[in-house]
Ligand code: SF4
């Protein structure tokens, strides 16, 4: 006789989220996990809308950090073209173009270890210009002090992105030049200044499922948890130490999306790098599992992304409406209670 598997509850107290709890979710039969995640997703969001963010590299390459996956690190020999900080007007033109193509947010990335105060005024001017174009503005500029976070907030920035990348345990095998704790401090500074936080990680950089679970538990324990969680399928870059790393199957990404949705029901969960390697069917499963945002436009910081036309065909097939996504619940307490 078939027995229904016991579906573990997500801990109502997010602070008590442990790697073991999260691993138990990963271990659920696939259909049970997706069913549970989709139910939570449907309670919190309009499941037929998807938010589109366009990513723009505003300063590329020559980064002093040694992130082993990254084409922009100066520690590795890659074919990346190094470019200085873009001019404000050029970023504004890119924002206009992104909006015309259907994006609602421009995410601007600079390959810096940390935002330097000498660049702050120009970054603030860039943000003001992007906002004037009617887009949400997100920036990823490296480590951030509390004062800088306040300045960015005052210039109109909506989101600050700083990924934790992986579990705290695996992190030191990937990055030696910046401690995990510094990442968490930057996220705290962003939140304290009133910025929304975008923070996620990478799947397929040689980490185990336990590392993936630990990474998600770390994000869910943040107070408050990130408003946006980008999940990247790793794209190996020739010339970097991880060029030959074993690839992770797309179904593991689907599971990761579902677990993320269960742990952080009120977050935007974004399909980020690696979509060119995903079939339409794998992406459809991700949307069902709770992904409600994606990077849109044929180029990410250093890797390819599906061309816009291809995405629109997929949206039409799935009945997905690109646009601002509607949250059904408002308070964090409400969302947390619903996730049990
Ligand atoms: S991921 Fe960011 S911080 Fe790390 S090397 Fe690349 S650009 Fe620098």
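A few comments on the model shown:
- For the stretch 98-105, the condition of being away from the ligand (no atom under 16 Å from the Cβ), out of contact with any helix residue (DSSP H, G or I) (no Cβ under 7 Å at 6 or more places or on another chain) and closer than 21 Å to residue 182 by Cβ holds for none of the residues.
- The listed residues are 278, 271, and the only one of them that is touching a strand residue (DSSP E or B) at 6+ places or on another chain (Cβ under 6 Å), modelled with pLDDT of 90 or more and under 29 Å from residue 99 (Cβ atoms) turns out to be 271.
- Looking across the stretch 185-194, the residues that are over 15 Å from residue 220 (Cα atoms) and surrounded by 23 or more Cβ atoms within 10 Å (Cβ to Cβ) come down to 186, 190.
- Residues satisfying the stated conditions in the stretch 299-311, i.e. loosely packed, with under 15 Cβ neighbours inside 10 Å and either part of a loop (DSSP other than H, G, I, E, B) or at pLDDT 90 or above (or both): 307
- Every test in (1) closer than 30 Å to residue 291 by Cα; (2) buried (at least 16 other Cβ atoms within 10 Å of the Cβ); (3) away from the ligand (no atom under 15 Å from the Cβ) is passed by residue 88 save one, and that test is (1).
- Within this structure, residue 290 passes the test of being in contact (Cβ under 8 Å) with a residue 24 or more places away in the chain and under 15 Å from residue 25 (Cβ atoms).
- Unmet criterion (only one of (1) away from the ligand (no atom under 16 Å from the Cβ); (2) under 19 Å from the mean Cα position of the chain (by Cα); (3) assigned to a loop (DSSP other than H, G, I, E, B); (4) surrounded by 21 or more Cβ atoms within 10 Å (Cβ to Cβ)) for residue 41: (3)
- Selection within the stretch 116-130: residues that are in contact with a helix residue (DSSP H, G or I) (Cβ under 6 Å, 6 or more places away or on another chain) and surrounded by 23 or more Cβ atoms within 10 Å (Cβ to Cβ). The member of this set that is nearest to residue 268 (Cα to Cα) is 130.
The values are calculated or read from the model by the stated rules, or taken from the named source; none is laboratory data. Please read these numbers as outputs of a predicted model, since none were measured by experiment. Note: ideal-geometry Cβ built from the backbone for every residue, glycine included; neighbour counts use all protein chains shown.
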